[in-house]
Amino acid sequence: MTDLSINTELATKILSDFINSEIIRTGYKKAVLGISGGLDSALVCVLAARALGPKNVLAIRMPYRTSSQDSLDDADKIIELSGVESLTFPITAMADALIESTPDMDTTRKGNIMARMRMIVLYDQSAAFGGLVVGTGNKTEILLGYTTLYGDSACALNPLGDLYKTQVRQLANELGIPPAIVNKPPSADLWAGQTDEGDLGFTYAEVDQLLYLLVDERYSPQECIAAGFKEEFVKEVMRRVQRNHFKRVMPPICKLNNRTIGYDFLYMRDWGT
């Protein structure tokens with residue numbers, strides 16, 4: 001087993017400084033995030049409160065009619081723990097206006113609609129609150145493509161994007177996130193009984209070990225199989241990572257001129273600030 005443990009004190013400082021500097025350099029002082037009652041958004045909420053001060057952070061609960069009361073209650077616990085500003089904005093009416101137009105719509109399409117409706121709310125409230133939207137996706141989800149493009153993946157900055165789910169859990173424990181939130185089955189809470197690991201077909205603990213070797217250690221699939229991972233598991237994970245690469249990059253632009261954005265016209269994110 002690969003040791004994925006991190007220096008939590010150092011990670012907390014780096015992540016808090018990152019949130020602060022990335023927001024301040026744009027001329028803003030505030031942050032907006034969606035809080036689901038899950039582990040990732042709980043950790044980002046606590047980190048953002050540390051980085052900017054609780055009154056400069058707005059955490060928004062956006063339940064759908066099938067969302068569990070437990071999720072709302074856990075979100076409330078984090079809001080109370082961190083002291084941030086909060087708002088509850090149900091998305092049932094806006095999501096159902098589209099969902100009910102197609103009676104045979106499957107759960108994946110419904111889930112994508114909910115995720116994108118939530119992002120509409122976040123960006124609208126970011127304009128009202130005067131803050132930037134902070135993402136809550138972790139490295140495992142991003143690599144596997146377990147995210148909705150222009151839904152929960154949309155944000156101005158993402159503090160957890162280089163932490164595997166296993167590492168997110170370790171850091172959350174150190175920062176005092178309630179054990180009930182840290183240890184509950186990860187879920188996007190898109191429909192009753194839905195869990196991340198049920199959708200994926202494997203656990204985060206299993207896939208984090210494999211992804212670390214494939215990505216951080218640059219192992220080939222064959223080397224991972226030789227290290228003890230089942231061939232079918234390695235192939236499935238590689239398929240997901242490769243198939244979903246388009247979600248991790250900006251849309252390609254067809255090159256027609258001398259300086260094409262993304263090819264020849266290349267500047268750092270903070271160019272001019």
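Among the residues of region 253-263, how many are at pLDDT 95 or above and surrounded by 10 or more Cβ atoms within 10 Å (Cβ to Cβ)?
Adding up the residues that qualify gives 3.
State which residue pairs qualify: first residue under 16 Å from SER41 (Cα atoms) and inside region 137-149, second residue part of a helix (DSSP H, G or I) and of a type in the set (S, T, N, Q) in any location, beta carbons under 9 Å apart, and separation of 6 or more residues or different chains.
As it stands, the answer is ASN138/GLN167; LYS139/GLN167; THR140/THR166; TYR146/THR140; THR148/ASN112, since those pairs meet every condition given.
Please find, within region 72-109, the residue that is nearest to ARG50 (Cα to Cα) out of those that are of a type in the set (Val, Ile, Thr) and in contact with a Cys (Cβ under 8 Å, 6 or more places away or on another chain).
VAL84
Go over the candidates THR140, THR166, THR148 one by one and state the one that is within 15 Å of the chain's Cα centre (by Cα), of a type in the set (Val, Ile, Thr), part of a loop (DSSP other than H, G, I, E, B) and at pLDDT 95 or above.
Unique residue meeting the criteria: THR148.
For every residue, the table says whether it meets (1) in contact with a Phe, Trp or Tyr (Cβ under 7 Å, 6 or more places away or on another chain); (2) hydrophobic (A, V, I, L, M, F, W, C).
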| position | (1), (2) |
| --- | --- |
| ALA59 | no, yes |
| THR66 | yes, no |
| ASP76 | no, no |
| GLY83 | no, no |
| LEU87 | no, yes |
| THR92 | yes, no |
| LEU98 | no, yes |
| ILE113 | no, yes |
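Restricting to region 1-25, count the residues that are among the hydroxyl-bearing types (Ser, Thr, Tyr) and either assigned to a loop (DSSP other than H, G, I, E, B) or at pLDDT below 95 (or both).
Summing the residues that are among the hydroxyl-bearing types (Ser, Thr, Tyr) and either assigned to a loop (DSSP other than H, G, I, E, B) or at pLDDT below 95 (or both) in region 1-25 gives 2.
Residue check, ASN173 against (1) crowded, with 20+ Cβ neighbours inside 10 Å; (2) of a type in the set (S, T, N, Q); (3) not in a loop (DSSP other than H, G, I, E, B), all met but one. Which one?
Only one criterion is unmet by ASN173, namely (1).
Quick test for you: out of ILE120, ILE142, pick the one residue that is among the β-branched types (Val, Ile, Thr) and crowded, with 20+ Cβ neighbours inside 10 Å.
Selected residue: ILE142, the only one of ILE120, ILE142 that is among the β-branched types (Val, Ile, Thr) and crowded, with 20+ Cβ neighbours inside 10 Å.
Among the listed residues MET238, MET268, which satisfies the condition of being loosely packed, with under 11 Cβ neighbours inside 10 Å and either under 26 Å from the mean Cα position of the chain (by Cα) or touching a residue at least 12 places away in the same chain (Cβ under 8 Å) (or both)?
Being loosely packed, with under 11 Cβ neighbours inside 10 Å and either under 26 Å from the mean Cα position of the chain (by Cα) or touching a residue at least 12 places away in the same chain (Cβ under 8 Å) (or both) holds for just one of MET238, MET268, which is MET268.
Among the candidates LEU200, LEU210, LEU214, which residue alone is modelled with pLDDT of 95 or more and in contact with a Phe, Trp or Tyr (Cβ under 7 Å, 6 or more places away or on another chain)?
Just one listed residue meets the conditions, LEU210.
Please enumerate the residues belonging to region 176-192 that are outside any loop (DSSP other than H, G, I, E, B) and either polar (S, T, N, Q) or surrounded by fewer than 20 Cβ atoms within 10 Å (Cβ to Cβ) (or both).
If the condition is that a residue be outside any loop (DSSP other than H, G, I, E, B) and either polar (S, T, N, Q) or surrounded by fewer than 20 Cβ atoms within 10 Å (Cβ to Cβ) (or both), then PRO179, ALA180, VAL182, ASN183 are the ones that fit.
Residues of region 80-119 being part of a loop (DSSP other than H, G, I, E, B) and within 24 Å of the chain's Cα centre (by Cα), which ones?
Listed by number, the residues that qualify are GLY83, VAL84, PHE89, PRO90, ILE91, ASP106.
Quick check, is ARG25 surrounded by fewer than 14 Cβ atoms within 10 Å (Cβ to Cβ) and in contact (Cβ under 8 Å) with a residue 24 or more places away in the chain?
In short, yes.
Could you grab me the full set of residues in region 209-229 that are in contact with a Leu (Cβ under 7 Å, 6 or more places away or on another chain) and either surrounded by 15 or more Cβ atoms within 10 Å (Cβ to Cβ) or more than 17 Å from TYR146 (Cα to Cα) (or both)?
LEU211, TYR212, TYR219, CYS224, ALA227, PHE229
Check GLU232, GLU197, GLU206 and return the single one that is within 30 Å of GLN69 (Cβ to Cβ), surrounded by fewer than 20 Cβ atoms within 10 Å (Cβ to Cβ) and among the acidic types (Asp, Glu).
It is GLU197.
The values are calculated or read from the model by the stated rules, or taken from the named source; none is laboratory data. Keep in mind the model is a prediction, meaning the values are calculated, not measured. Because the Cβ atoms are built from the backbone with ideal geometry, glycine has one as well, and the counts that use them run over all protein chains shown.
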